[in-house]
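The values are calculated or read from the model by the stated rules, or taken from the named source; none is laboratory data. Nothing here was measured: the structure is a model prediction, and the numbers come from that model. So basically every Cβ, Gly included, is an ideal-geometry build from the backbone, and we count neighbours across all protein chains shown.
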């Protein structure tokens, strides 16, 4: 039976005091953590959560991250994170993130994270070995969405 | 053969930018992390490192922490942490920490952390089951050192 | 006009992957951060937010924290944090926290944080100088609630 | 008087327990923090520390970061970080980082961070306005060193 693409609710992160630094803005390392939060929420909404993935025996390490900081984020701002499948070929997955200030609508940050899939420590093609999961990631592919430099 | 108590070098932590918050001081949660750093360095210097403990099959979870903030610490300060065995009865261990500003000598922070010992998930008495390890902790006991309220 | 005590909604924290450590549980330093989250949410619900406090010119540094870990918390658990005014005399404030596993109802953690109030860097009595704010904290005082050792 | 390029000592970071996650490796967000540590150490060794920069009235926000994870890093590993000026044109600065496992010599991680310079919140050309500082960054330029994808 074919996978039915779902409507994804935008992920929200409410900025904590401990995420600020002495410039009185959010420390830039935290956005990498928010990308992880948003990615795991995205997978859960897709119907294939990180926990389910681990139960199947698949591990998906982070190969690379990139992040561009366009506008500053402050304590108690709410950030809305739009998550997409920016690239996917069955073997490698690139997730894209756009972060917006909820109140102003301003684009604050864009980022990507790249992942592969391992079973018993060895790279695996979801396309070949897990076609059901492959289908899910394909359903959310939006290749031309992000324009990181 | 009896354990020979060693001279313990004071542990130093150089404060990082990402440890500050928007009050332009170190965020108070980081001191709990420095206590862990200092504790693991202390155990390594004692000759019974955290890694050795895990290899023996002992896990030592944190049961409680307490921390009093007396003077503020800032970016690029170096904090010297004096670690002691504040209480120990073979079953429970309380480690004490005194943090000093290296430049001024000022006492900035005092803390404690309490631990038990588990083997296969069950509490164990080091005194009974691991007398060699028990002897090590006893050698550093300084019960009246810290006066936390 | 007298302050009307409000119904406080329990604060919820959804555990993030990056909050775990290699014991596969939440690292114990994160609970200190959650206490801060819960405290700021509590103040906002009381009608006297941290931001309002800063605008009035009052700073409320953390003097001490204490935390007891009773049951472990894992990735993707939701923790419910019940926040109370554990002690308050106009000059010093002690906030109490009880954390529960939302799914099981189990008490996982209890903690406290102690604070004073500074205006222009000097200690101030809310009772004398800010009776309106004093009244708010008094309204939530539950002195016998927590039994930390 | 012309700036004399100095010999830069490689920066070392000793991995902490609280930097691990439940995969029993270092959480990927921490490398972004280590890049900051290494960058600030590098600037201090160059003879133009972050503190001096702030005293001159220059702020240097992070515009972007990128990081590739090639080999995993574990608790108690020591990471050696080689920092270089990967690109610099007087207005924008790109710092490059190569991280090596001290024990094995293995390349574990490569990264970059991009920065501009602000005075009173406005972009400034170091080349034009601060030729002495400009000269320092130029002295460490190694443009073809890093090959991030």
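Given the conditions (1) modelled with pLDDT of 95 or more; (2) away from every other protein chain (no Cβ under 14 Å), and given that residue C:103 satisfies all but one, which numbered condition is not satisfied?
Only one criterion in (1) modelled with pLDDT of 95 or more; (2) away from every other protein chain (no Cβ under 14 Å) is unmet by residue C:103, namely (2).
Are there any pairs with C-beta distances below 6 angstrom linking a residue in the stretch D:38-67 that is under 21 Å from residue A:65 (Cα atoms) to a residue that is assigned to a helix (DSSP H, G or I), with the two at least 6 apart or on different chains, and if so which?
From the stretch D:38-67, the pairs are D:65/D:32; D:67/D:31.
Mind counting the residues in the stretch D:1-24 that are more than 8 Å from every other protein chain (Cβ to nearest Cβ) and under 30 Å from residue A:51 (Cα atoms)? It would help to see each step written out before you state the result.
Just the residues of the stretch D:1-24 that are more than 8 Å from every other protein chain (Cβ to nearest Cβ), to begin with: D:1-15, D:19.
Applying the additional criterion that residues be under 30 Å from residue A:51 (Cα atoms) yields D:15, D:19.
Selection size over the stretch D:1-24: 2.
If I ask for residues that are within 14 Å of chain D (Cβ to nearest Cβ) and either surrounded by 16 or more Cβ atoms within 10 Å (Cβ to Cβ) or in contact with a helix residue (DSSP H, G or I) (Cβ under 7 Å, 6 or more places away or on another chain) (or both), which ones from the stretch A:73-86 would you list?
Result: A:73, single match.
Just a yes or no: is a residue in the stretch B:14-34 out of contact with any helix residue (DSSP H, G or I) (no Cβ under 7 Å at 6 or more places or on another chain) and part of a strand (DSSP E or B)?
Yes; the residues of the stretch B:14-34 include at least one that is out of contact with any helix residue (DSSP H, G or I) (no Cβ under 7 Å at 6 or more places or on another chain) and part of a strand (DSSP E or B).
Taking residue C:95, is it in contact with a strand residue (DSSP E or B) (Cβ under 9 Å, 6 or more places away or on another chain), within 14 Å of chain B (Cβ to nearest Cβ), closer than 21 Å to residue C:4 by Cα and surrounded by 19 or more Cβ atoms within 10 Å (Cβ to Cβ)? First the steps, then the outcome.
Numbers: in contact with a strand residue (DSSP E or B) (Cβ under 9 Å, 6 or more places away or on another chain): yes; within 14 Å of chain B (Cβ to nearest Cβ): yes; closer than 21 Å to residue C:4 by Cα: yes; surrounded by 19 or more Cβ atoms within 10 Å (Cβ to Cβ): yes.
For residue C:95, the condition - in contact with a strand residue (DSSP E or B) (Cβ under 9 Å, 6 or more places away or on another chain), within 14 Å of chain B (Cβ to nearest Cβ), closer than 21 Å to residue C:4 by Cα and surrounded by 19 or more Cβ atoms within 10 Å (Cβ to Cβ) - is met.
Based on what the data block shows, is residue A:2 out of contact with any helix residue (DSSP H, G or I) (no Cβ under 6 Å at 6 or more places or on another chain), on the phi < 0 side of the Ramachandran plot and at pLDDT 95 or above?
Against the criterion (out of contact with any helix residue (DSSP H, G or I) (no Cβ under 6 Å at 6 or more places or on another chain), on the phi < 0 side of the Ramachandran plot and at pLDDT 95 or above), residue A:2 does not qualify.
Restricting the stretch B:25-53 to residues that are farther than 23 Å from residue B:9 by Cα and facing chain C (nearest Cβ under 10 Å), which is farthest from the chain's Cα centre (by Cα)?
B:25
Kindly establish whether residue A:121 is at pLDDT below 95 and more than 18 Å from the chain's Cα centre (by Cα).
Yes: the conditions hold for residue A:121.
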